[in-house]
């Protein structure tokens, strides 16, 4: 190429160039989506991308580390139990199930039975009213409860699959004679107490009261109450944090 | 800790994560989150967005650690690529918050060693650094703002005040020379 005399070297192989541009990060959203699709189907191209990642990652030694706020790990930790994960063993089992399926009709029936076993939940049966057919991917909701005016915050994870609501204090300090109380705020109805927290330990609740058409989007609040909780059954102290569950 | 030992520890922890060990995920987080937060923050220039992306990254590590193949990639490269890709994809959706002055683009970290730094401040980093420093000054600056800030060709061209075609040519030449330099 004409470039050679200028010391720039020859043009790059187009695939290698595209792989490098993807790793540098200069491609548009559409181009990135195309590259991702191609990586999934073209192993040689995926290898080129991997090679450029190995070449360029050491540059990140120049980026100053920045400690993330503690709330990030709290959010991750609260979410873990609710995240569906496939181990390699599961993947292998699924592959073999698929193989059986394609073999014969007889094996297909056996495979269906195997699938039924796989999707059976652990035998922890909670009294859960049948919700209005939750959409796939809406089995988990999370919320960060906080208040712009104060430092108090809690992370809430609603794990519909296992019928659990997990409330984790992030920044929560109450006076020795007060406790935090968690409330469900239904639309147009009085707050419903869900439980009392001490600000140090996570609280795990069964979610019978939350499960419903809007359970995954429930609004929650935390108020300061006397030890043991509100004597009236309604919030009596200041609301120190609130937020809405959102499906993830 | 010696780089090889750190790398092996991280590889072992990823294998434990793949087997469902939460404490291993926390160990991975403790060793790498400050570095990866710095990386995604640089791309998004918005702390709240960066925190969301960092959360997604480790949730992805939790659910997909079994996809990490130590025989094909280093654990750092795998984690860094995951974080950069998430951050760049998010930046393409929401835009970069405000533009950062150019003179910060090549800022070099001093002190504040994290586990990840121990891993990547190796011969590889030194060689790459040398190869980058051999590039023409404007090509080098363009490549840095593209890589560290995840800017598109159009964006980085505007930042450096040249047409997009010129910027493509700068960065592509820089990549050709880098690859050749690294093979020496």
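Quick note: the coordinates plus some simple rules give every number you see, no bench work behind them. Everything numeric here is computed off the predicted structure, so don't read it as measured data. Using ideal geometry, Cβ is built from the backbone for each residue, glycine included, and neighbour counts are taken over all protein chains shown.
Numbers for the structure displayed
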| quantity | calculated |
| --- | --- |
| Distance from region B:119-184 to region A:26-66 (C-alpha centre basis), Å | 14 |
| Shielding score for A:14-27, defined as the mean number of other chain Cβ atoms within 10 Å | 6 |
| Largest-first principal axis extents of the Cα set of region A:2-62 (Å) | 38, 30, 22 |
| Label-to-label distance, nm, for residues given as residue A:147 and residue A:33 (7 Å Cα→Cβ offset) | 4.3 |
| Protection proxy ranking, peptides B:136-144, B:171-179, A:168-176, B:38-46, average beta carbon neighbours within 10 Å, highest first | B:38-46, B:171-179, B:136-144, A:168-176 |
| Peptide B:28-37 - average C-beta neighbours from other chains (10 Å radius) | 4 |
| Approximate spin-label separation residue B:64-residue A:201, in nm, with each point projected 7 Å along Cα-to-Cβ | 3.8 |
| Highest average packing first - B:86-96, B:54-64, A:223-233, Cβ atoms within 10 Å | B:54-64, B:86-96, A:223-233 |
| Crossing angle, helix B:22-44 versus chain B [Cα axis fit, 0-90 degrees, rounded to tens] | 10 |
